[in-house]
Amino acid sequence: MELDIKAILDTLPHRYPMLLVDRVLDIVPGKTITAIKNVSFNEPFFTGHFPHHPVMPGVLILEAMAQTAAIMSFIGETGLKQDGEELLYYFVGVDEARFRRPVVPGDQLRMEVVAERISRSMCKYQTHASVDGQEVARAKLMCAIRPMEK
């Protein structure tokens with residue numbers, strides 16, 4: 001199953017400039033997901049993160065992988081998000097993070113996530129990011145899910 005930007009916007013609370021997923025290529029709800037982020041020179045972080053040699057910050061690569069994981073956790077018959085329910089998704093842990101090479105403007109960042117555990121309050125994932133088949137980052141992520149306070 002693929003998801004376009006409209007479906008992503010319907011699933012995540014993030015908006016520009018913090019929305020870091022452009023398209024979902026494949027998803028098995030509650031199990032695995034593959035998504036992409038098209039990295040453009042127009043990204044706001046490039047103006048200050050090595051202006052003469054723009055590099056996507058590693059923390060934003062981790063955020064892109066976490067947003068990808070959230071999409072997988074929130075949708076489908078086994079999804080945590082019920083109709084009309086607004087949930088927030090918080091990082092609570094990052095383990096074994098490794099960055100192999102820089103991500104630069106023009107790259108298409110491919111994020112792959114495998115769920116280790118998903119519950120109503122806490123989720124754990126194995127994540128991997130690549131560009132042109134080359135690994136750029138990997139990490140084990142843990143995220144907490146909380147209702148949005150109004």
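General remarks:
- Per the conditions (1) in contact (Cβ under 8 Å) with a residue 40 or more places away in the chain; (2) in contact with a helix residue (DSSP H, G or I) (Cβ under 7 Å, 6 or more places away or on another chain); (3) under 16 Å from residue 110 (Cβ atoms), the sole criterion not satisfied by residue 22 is (1).
- Filtered residue count, the range 100-150, keeping only those that are within 14 Å of the chain's Cα centre (by Cα) and of a type outside the set (Val, Ile, Thr): 20
- Subset of the range 96-149 [in contact (Cβ under 8 Å) with a residue 40 or more places away in the chain, more than 24 Å from residue 29 (Cα to Cα) and not hydrophobic (A, V, I, L, M, F, W, C)]: 96, 98, 102, 105, 106, 107
- Checking each residue in the range 13-31 for being in contact with a strand residue (DSSP E or B) (Cβ under 8 Å, 6 or more places away or on another chain) and either within 11 Å of residue 72 (Cβ to Cβ) or outside any loop (DSSP other than H, G, I, E, B) (or both) picks out 21, 23, 24, 25, 26, 27, 30, 31.
- Members of the range 104-142 found to be of a type in the set (Ser, Thr, Tyr), out of contact with any Leu (no Cβ under 7 Å at 6 or more places or on another chain) and within 18 Å of residue 57 (Cα to Cα), listed by number: 130
Bear in mind these aren't lab numbers, they're just calculated from the coordinates by the rules spelled out. Not measured: the values here are computed from a predicted model. Note that each Cβ is placed from the backbone with ideal geometry, even for glycine, and that neighbours are counted across all protein chains shown.
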